[in-house]
Amino acid sequence: MNKKIGFTCAYTPVPLIEAAGFSPFRIFPDSKAPDQAGHLLHDNLCPHVKKVLDRALADDLPELDGLIFINSCDSMRRLADAWHEAKPDDPIILVDLPSGTNSLSLDFLSKEYERLAKTLFRWNNEPFSIKKIKDKIDNWNLVAASVKKIEKKMSRDYFPGYASGLQQIINTAATESTDKALAMAQKELQPEEPAKAGLAPVFLFGNLLFDPKVFDLFEEWNVHVTASDFCTTSRFITPVDTTADDNIFRALASSYMEQTPCARTMDTAKPGDIAQKIVQRAKKSNARGVIGFTLKFCDPYLARIPMIRQALQKESIPFLMLEGDCTMGSMGQQQTRIEAFTEMLGV
Amino acid sequence: MMYDHFENAVKGITDKLNQDPEGINAKKKYVLELSKLGKKLYSEDETIAWCGVTAPFDLLGAMGITSCFVEFVGAMLSSTQTAGGFFEEAEDSGFATDSCAYHRAVMGAVLKNAMPKPDFIIGTSSPCTAGLAVMENFAHQYKKDFFILNVPQNYTQDAIKYLAAQLEDMTLFVSDHTKRPLSKEKLGIALENFNASSTLLKEIYDLAKTKPSPVDNNLLKDFSTVITLMMGTQQGVDICQAFKNELNHRIETGQHTSSKEKTRLMWIQNRIQYPFPINEMLDDLGAKIVVDELNDVTWEPMDPDNPFESIAKRMISIPFSMDTTERIKHIQTLAGEYRIDGAINPCHWGCRQGTGTRGLISKGFKDINVPVLNLEIDCVDSRNLARGQIETRVEAFLEMLS
Amino acid sequence: MIFLGIDIGSLSCDAVLIDEEKNILASSVILTGAKNIESIARAKKNVLDAAGIMEKDIRSIIATGYGRARVKEKDAAVTEITCHAKGIKHVIPETRILIDIGGQDSKAMRLDPDGNVVDFAMNDKCAAGTGRFLEAMARALEVDITELGDLDKGATSDLVLSSMCTVFAESEVISLIACGTEQKEIAKGLNRSIAARTNSLVKRVARNIDGLTVSMSGGVARNKGVVKAIAESMNLEKINTPETPDIIGALGAAIIGFEKIYG
């Protein structure tokens, strides 16, 4: 079995991990580890970050040969800080991620990704190989293409269980291997169950929604998920446009910065563009309504919700905003809201 | 309304200073300059830039821009107890109460049209994600051009080069708006002033280290954060000189020994902005805040021949914005230099950057045997202040220290 | 043909029977208690007995409220949000903004002229400003919950409670009592706090309520002090309340049952 590299953010290019001979292991905040992270950091901090740290503090992790943290937001920075304290012997790399997407920032990020790649090869005593990186990117792009196909089908019609099936594929790419995810994706695409009618087509967005069971719950509550935009769903499977630049790291940088519209990244030429992107994606996926789901204390989203609400209102797209933590219990409490929303959409 | 407020403040303080032309009056001169800045911001005939906290105000000043970080307005609204309506406006439009109240107050002011309209906006990625997000909101709301300075977290050559190149780009962005190129001469003067202010700041902080300290609990409140707004100007130099004179005067006249100083304290991050008599309480209990975490000079002098790289190094060098290991090292150094007995960490509600590290900071203090009091408080929004609880905690902490 | 609506809330279990003309034949409001299956049976029996109708004559049963899934014999479950909107449309048809403060949560809804919900907002999961909150406050003030509505009469100060967390507010009330603050002033302060919170909920569904008819349903609508304070905080002359605000959810459920059959 391959040695594993832990990571927590969707801006981590998995092909670099695999090219260096490691397996990716995205640390999901899905543990029942006791709540200890608040002592090391603060209780009013992103539940994602706290739960991931709880797993480290409770040794509820497989053996990891290194950790990649991304300086994507204050909470992620704090996680990297606390990891030093919780696991002082773990090799850690913190990748500095710019907030804007101009040319200087892409240059800087490409250097950061190159530093990450070289560090990973060094950790595994492997000779640095651009070819291996390119091969793994090609593989990754196959998964991304399959995911796109499944998403396209989902946006057209409702197929029971499809949303949670897609999530399992994405989670496999995050925690096992691209190859395995690809095999699953091809299987998922094969048999076509008949489409069903009667659910409310809804586009979901937010920061973190990774448990396939949650997608089943949405269906149970009359939601047909037409597409979703979370750092654990489509945002994670970012296709890399290798034709964008001869320098593979620059191609990675531009693909991740421009195609992964997390609220923490912004286009200075179009302030507030995240709201427009959500409207466009909702429309493209044929959704009749939009549900936002964010974990508590997520500053980048907290600051953007008003403008997203405004943009959806302008287009007369009904919008429901939910907030929770990483537990299924918090999801259960949303049942009335979600059902009322689908009733409002006329289901 | 705000213009009148600042104009009255300028007039009132000027009158008082005129009555005492020989006096040092450092704090009055400082408030006068801040009021003048406020007046300029609201005058509608200046080129205004709203900025992130770590923006290069000296460089912007040299380009003829009146600039200010937005948290300054949040603090001002809180200190004048006028923030309540703005909080409600922001919350009603969907800004969650979990967010930082500096930013929430300002967003409310934007929505109520109570903020001076900027000509453009310069966000900084440090110190916090939330601050930058609010800057983007501003740009969206005002439909104004937006520039981001990405401040890397690590002090490396690549990071410095990257930020220096962005600063150079920023001057082009500003010139595009003002139709005036950057004048090397004006920048040279601004950097000279900045260096003179920095030297004086170091001297001020060295004087504050004296035991007993000539500072009082209020004198250097949030000083470094705010004084950066004017360090590139002659007025900034004069203010710093006045503060240095004030401290020297207190030492020469023995004032510093007359005040009680049973306990020397460090204050972490920013102070409480609304009227809350914590300083008086500390006075009564014989405790003195001799150092604020953010009151330090962590940069080398600016090199006028290499301005962008100098400013870049300065912006990255702020320990508060770096990783927590660096921040703790800095706090531990200050603790030693100022010979503190304890520290107060006001864990400002909604601040992931600063108070997100509460536990690690506590551990950092524990490692050097300095007790720390974590106060769970909102430093800007007083609506949920549990006054009695805070007072009991502070008193108990000081009892423990003595 | 008869239609039954049952609303199983956290505090009360309400049932309403209507006929084909949507006339209310009988209604019942009882405490939900710890065993909601028993309460459902009792509420159902109450209305059947009161109307003198046999169970077999019921054409449809629609369940609503947080315990809606627990009604075994239901034809369908519909959320209380849709049901309250439907119910209020029947009794106060001009309603465009509906505030429903129930036992454990409060909601604001914006309705279209046909009584359909076009937007809604719910309070956070804590009990602040809800029936449970008022129960706790009545306890702290040592009065019966039914007396709370008139308790603020004659209050003159502008006291507002700063804590809206049930636990903290209870201790704040106790310390106000300890400081000798009059009961009526505390009651007024409480009502103002609830009003501020409700107002902010309403603003989430309608920034501007000019010209819109605002009504209130749910058990708390019986509390005159709270209703008045909400109206004041929204600069409204009055907020409409139905005669029996607690049964609006169950009424809406019964009507939905009727409409499912008759369209």
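The values are calculated or read from the model by the stated rules, or taken from the named source; none is laboratory data. As the structure is a computational prediction, the values presented were derived from the model and not from experiment. Glycine gets a Cβ as well: all are built from the backbone with ideal geometry, and neighbour counts include every protein chain shown.
The listed residues are A:THR268, A:THR242, and the only one of them that is within 14 Å of chain B (Cβ to nearest Cβ), among the polar types (S, T, N, Q) and outside any strand (DSSP E or B) turns out to be A:THR268. Given the criteria more than 16 Å from B:LYS211 (Cβ to Cβ), assigned to a loop (DSSP other than H, G, I, E, B), touching a residue at least 40 places away in the same chain (Cβ under 8 Å) and among the charged types (D, E, K, R), does B:ASP305 qualify? So B:ASP305 fails the test.
May I ask you to say which residue of C:MET137, C:MET109 is modelled with pLDDT under 85 and either buried (at least 20 other Cβ atoms within 10 Å of the Cβ) or of a type outside the set (Val, Ile, Thr) (or both)? Answer to the selection: C:MET137. Residues that are under 23 Å from the mean Cα position of the chain (by Cα), closer than 20 Å to B:LEU60 by Cβ and either within 14 Å of chain A (Cβ to nearest Cβ) or not in a loop (DSSP other than H, G, I, E, B) (or both) do occur in segment B:201-217.
I'm checking my understanding of the structure. Among residues of segment C:181-228 that are of a type in the set (D, E, K, R) and touching a strand residue (DSSP E or B) at 6+ places or on another chain (Cβ under 8 Å), which one is farthest from C:PHE133 (Cα to Cα)? Before you say what the answer is, go through the steps one by one.
Looking only at segment C:181-228, we keep the residues that are of a type in the set (D, E, K, R), and these are C:182, C:184-185, C:188, C:192, C:197, C:203-204, C:207, C:210, C:222, C:224, C:228.
When the remaining residues are screened for being touching a strand residue (DSSP E or B) at 6+ places or on another chain (Cβ under 8 Å), the result is C:197, C:204.
Values: C:ARG197: 13, C:ARG204: 22 Å.
Going through the qualifying residues, I end up with C:ARG204.
Quick check: is even one residue across segment A:218-227 under 12 Å from the mean Cα position of the chain (by Cα), crowded, with 20+ Cβ neighbours inside 10 Å and of a type in the set (Phe, Trp, Tyr)? No, because not a single residue in segment A:218-227 is under 12 Å from the mean Cα position of the chain (by Cα), crowded, with 20+ Cβ neighbours inside 10 Å and of a type in the set (Phe, Trp, Tyr).
Out of segment C:20-41, which residues are on the phi < 0 side of the Ramachandran plot and surrounded by fewer than 17 Cβ atoms within 10 Å (Cβ to Cβ)?
The initial filter retains those residues of segment C:20-41 that are on the phi < 0 side of the Ramachandran plot, namely C:20-21, C:23-32, C:34-41.
Scanning segment C:20-41 gives C:GLU20, C:GLU21, C:ASN23, C:ILE30, C:LEU31, C:ALA34, C:LYS35, C:ILE37, C:GLU38, C:ALA41.
The numbered conditions (1) over 17 Å from B:PRO301 (Cα atoms); (2) at pLDDT 95 or above; (3) not in a helix (DSSP H, G or I) are all true for B:GLU168 except (3).
When segment B:160-173 is examined, which residues are found to be among the aliphatic types (A, V, I, L, M) and within 24 Å of the chain's Cα centre (by Cα)? Working first, answer last.
Residues of segment B:160-173 that are among the aliphatic types (A, V, I, L, M), as a first pass: B:160, B:163-165, B:167, B:170, B:172.
B:ILE160, B:LEU163, B:ALA164, B:LEU167, B:MET170 - these are the residues of segment B:160-173 that are among the aliphatic types (A, V, I, L, M) and within 24 Å of the chain's Cα centre (by Cα).
Being within 16 Å of B:MET1 (Cα to Cα) and among the small types (Gly, Ala, Ser) is the filter; apply it to segment B:79-88 and report the residue that is nearest to the other protein chains (Cβ to nearest Cβ). Among those residues, the one meeting the criterion is B:GLY85.
In segment B:238-270, which residues are acidic (Asp, Glu) and either at pLDDT below 95 or over 26 Å from the mean Cα position of the chain (by Cα) (or both)? Hits for segment B:238-270 are B:GLU252, B:GLU261.
Residues that are among the hydrophobic types (A, V, I, L, M, F, W, C), in a helix (DSSP H, G or I) and away from chain A (no Cβ under 14 Å) within segment B:63-78 comprise B:PHE72, B:VAL73, B:ALA75, B:MET76, B:LEU77, listed in sequence order. Number of residues in segment A:322-332 that are within 14 Å of chain B (Cβ to nearest Cβ) and surrounded by fewer than 20 Cβ atoms within 10 Å (Cβ to Cβ) equals 2.
For every residue, the table says whether it meets (1) under 19 Å from A:ASP245 (Cβ atoms); (2) within 14 Å of another protein chain (Cβ to nearest Cβ); (3) in a helix (DSSP H, G or I).
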| residue | (1), (2), (3) |
| --- | --- |
| A:GLU112 | yes, yes, yes |
| A:LEU116 | yes, yes, yes |
| A:LEU120 | no, no, yes |
| A:ASN125 | no, no, no |
| A:VAL143 | no, no, yes |
| A:LYS148 | no, no, yes |
| A:LYS153 | no, no, yes |
| A:GLY165 | no, no, yes |
| A:ILE169 | no, no, yes |
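For segment A:82-94, the set of residues classified as surrounded by fewer than 23 Cβ atoms within 10 Å (Cβ to Cβ) and facing chain B (nearest Cβ under 10 Å) consists of A:HIS84, A:GLU85, A:LEU94, listed by residue number.
Among the residues making up segment B:89-148, those that are more than 10 Å from chain A (Cβ to nearest Cβ), part of a loop (DSSP other than H, G, I, E, B) and over 21 Å from the mean Cα position of the chain (by Cα) are B:LYS112, B:ASN113, B:ALA114, B:LYS117, B:ASP119. Counting only helices (runs of 4 or more DSSP H) wholly contained in segment A:1-101, the ones carrying 1 or more residues that are closer than 17 Å to B:ASP323 by Cβ occupy A:37-40, A:47-57, A:74-86. When residues in segment A:5-43 are screened for being surrounded by fewer than 20 Cβ atoms within 10 Å (Cβ to Cβ), touching a residue at least 40 places away in the same chain (Cβ under 8 Å) and over 30 Å from A:ARG122 (Cα atoms), 1 of them pass.
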